[in-house]
Structure formats: structure tokens, C-alpha cells
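A quick write-up on the structure given underneath.
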Amino acid sequence: MTSFLNPEEILDELGLRSDMVAAEFGCGSGGFAVPLAKRLEEGLVYAIDIQAGPLSALKSRQSLENITNIRIIRSNLEKAKGSTLNEEFLDLVLIPNLLFQVDDKGAIIQEAGRILKKGAKLLIIDWLPQASQGPERGRISPDEVKKIAEKFGFELEKEFEAGKYHYVLVFEKK
């Protein structure tokens, strides 16, 4: 993932505060959770994934790099209250390269909406439908994501491409 995406460049677009509380949905081994945690020095990052292997790798990386503000949660985000986090708790949710992998894309966005504070940010990164590389199935267009997000109370703030293969959508919870 990081060979295609530059998390630092994407995070630069978000106007982060060092005391924010955030989550990365589908964090894998922490492609965004680690750089985010380094920026949120006084904050906290919840790294959530369903797969044990990548979470174990993240735990090792966290220890190796002496990062103390990541909390790892193994959970199915497609289930109701799948993040296990409290309602209206977070300032930011990142969903990088996850929607193409899940059956219930709406459930993922709905869960983000449940745990985000009013005025908080939702960042979704996924594969451009026309990208020459990437998964053959499951891609979702930016317009489809916008429709789902609007249904769950989000308003598009900005969008941009991240490299040749991905789009980024930044929403605000209304």
C-alpha cells in the first residue's frame, strides 16, 4: 500500500491538531496509524482490523519505534458497533483502501459516523475505478462513496487524487 500511497502527503491535507483522537479502519500493519500517531503526540490512534497477522506486525512495529499512543483493536467493522468505540468520541476516522474489500460498504461508513463527533472528519481513500493497477473486484467510485456518506450525515469537504491509483475524499460529520 505505501508504495502507491504516501500517508504523509495525505495527512498534510487534514489540518491535524496534536491532541486529536483518531481511528484507522482496516489498519493492517499500520500504514496510516503509525504516521498519524507520530503527529498526534498528545492524542490517541485506534488501529482497527479484523486480521490478527497484520495487527501483530503493527504491535511489533509500535514496540520497535516506541510509539505509545496506538490502541490496537481486532474487530469486524461490518457488524453493528463494530469498532467497539463509544459514540461521538473521535475527531477523525481514516478508511484507507478498505471499502473495495468489504461487502457492506455502508456499514463501515455508518460506524464511522456513529463514533465521530459532530464537525469531525472522515477520510476515505480507495482505488480509482479506472486505475490500471489494483483489485479487479469491489472498487467503488467516488460518486458512490459520496452518496453513501451523505446518507449517513456527512458533507464532502474536499477531494483529490493520491498518486495515479487512488482518490481521497474528506468529509465533515454534520
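Each reported figure results from applying straightforward, stated rules to the coordinates on display, with no laboratory input. For clarity, every value in this text was computed on a predicted model and none was experimentally measured. Cβ placement follows ideal geometry from the backbone for every residue including glycine, while neighbour counts extend to all protein chains displayed.
Listed values, structure above:
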item	result
Built amide H within the under 5 Å cut-off of ILE67, gap 5+	none
Rg over Rh [alpha-carbon atoms, Kirkwood Rh] for the range 7-173	0.93
In the range 84-174, chymotrypsin sites (Phe, Trp or Tyr not before Pro) in a DSSP loop with at most 15 other beta-carbon atoms within 10 Å	PHE89
Residues LYS147, LYS105, sorted so that the one with the fewest Cβ neighbours within 10 Å comes first	LYS147, LYS105
Whole-angstrom gap from the range 33-103 to the range 157-174, using each part's C-alpha centre	19
Most mobile of LEU128, LEU77, LEU36 in a GNM of the chain (Cα contacts under 10 Å)	LEU128
Karplus (6.51, -1.76, 1.60) ³J(HN,Hα), θ = phi - 60°, over the range 74-81, in Hz, Gly and Pro reported as x	9, 7, 9, 6, 7, 8, 4, 6
Surrounding net charge for LEU55, when Lys and Arg each add one and Asp and Glu each subtract one, Cβ distance under 14 Å	+2
Using θ = phi - 60° and Karplus 6.51 cos²θ - 1.76 cosθ + 1.60, couplings along the range 43-54 (whole Hz; Gly, Pro as x)	x, 8, 10, 9, 9, 10, 7, 8, 8, 5, x, x
Bridge type composition, the range 7-173 - antiparallel percent by DSSP, nearest 5	45
Likely footprinting exposure, ILE124, ILE50, fewest C-beta neighbours within 10 Å first	ILE50, ILE124
Two-site label geometry, LYS151 and ASP103: point separation in nm, points 7 Å out along Cα→Cβ	1.6
Loop GluC sites (Glu not before Pro), the range 36-145 (other Cβ atoms within 10 Å of the site Cβ: 14 or fewer; DSSP)	GLU41, GLU42, GLU65, GLU87, GLU88, GLU136
Segment ALA52-GLU78, length gained on full extension (0.36 nm per residue, minus Cα span)	7.7 nm
Cα centre as origin, Lys/Arg/Asp/Glu Cβ charges: the range 43-131 dipole, Debye	220
Under 5 Å, built H, 5+ apart or other chain: amide partners of LEU94	ALA23, GLU24, PHE25, LEU123
Only Lys, Arg (+1) and Asp, Glu (-1) charged, at Cβ; the range 7-173 dipole about Cα centre in debye	440
Per-pair calculated FRET efficiency, R0 = 41 Å: GLU41 and GLU136 via Cβ, rounded to 0.05	0.55
Count of lysine pairs in the range 7-173 with Cα separation under 17 Å (8 or more residues apart, or interchain)	22
